[in-house]
Amino acid sequence: MKWEYIIIHHTGAEEQDTEQVRRYHRSLGWRDIGYNYVIEKSGLVAPGRSLAIPGAHCLAGGMNTRGIGIALIGNLEEHRPTPEQVDALVGLAGGLMLEYQVAVENVLGHREVPGAATVCPGRYLLMDDTRGNLQAHPSPTALQNQNNALPKTISGLWIVQVGAFSTRERAEQYAQKLREQGIEALVMKR
């Protein structure tokens, strides 16, 4: 599949975590969760359905095979996303834009997809602000040049990323929470 879009959703409910969303989607007879990524209220980015198979998040416009689906847990028609969710969304979407060469104008809220009859991702997730935050990040070319400048001598390391944040302060706060739980945490800028 050639990913041309990133489609932003809310789950529309107040699930506790990604696994609860996955169980619900499987109860509908789906093979897995419909979204490719889920952002929990803490800002944790959880993997969803593999990008190797079509999604089940937006039939309109053929977006299940053209658009990567990201869902924020919560009913964002009723309340705002958490600041941690907003930071994680910008970090995740920005990384996906770079990896798949998706233009910022192709980052759409579900309701913005032509033919979609929905209020998703809710009135409190402001897509113009989200796209503005994504535009404020360095260009994909600058990020690629920066990444290419990193030393290539380290090998054999596996990295587990548990969040992405648009400010260092939020990243440090989250890392401190992990350290308090006895989990080693390192804050790095990508």
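Label-point separation (nm) for Glu169 and Arg123, each offset 7 Å from Cα along Cα-to-Cβ?
Result: 2.9 nm between the two label points.
Considering only DSSP beta bridges whose two residues both sit in the stretch 5-144, what percent are antiparallel, to the nearest 5?
Once the DSSP bridges in the stretch 5-144 are tallied, antiparallel ones form about 20 percent.
I'd like the FRET efficiency for Trp30 and Lys177, computed as 1/(1 + (r/R0)^6) with the beta carbon distance as r and R0 of 22 Å, rounded to 0.05.
Result of the calculation: an efficiency of 0.10.
When a/c reaches 1.5 or more, the comparison of a/b and b/c decides; with that in mind, is the stretch 5-144 rounded, prolate or oblate per its Cα gyration tensor?
Details: a/c = 1.45, a/b = 1.27, b/c = 1.14.
In terms of gyration-tensor shape, rounded.
We did not get these values from a lab; they are worked out from the coordinates using the rules stated. Since this is a predicted model, take the numbers as computed values, not measurements. Here Cβ is always computed from backbone atoms with ideal geometry, including for glycine, and neighbour counts include all displayed protein chains.
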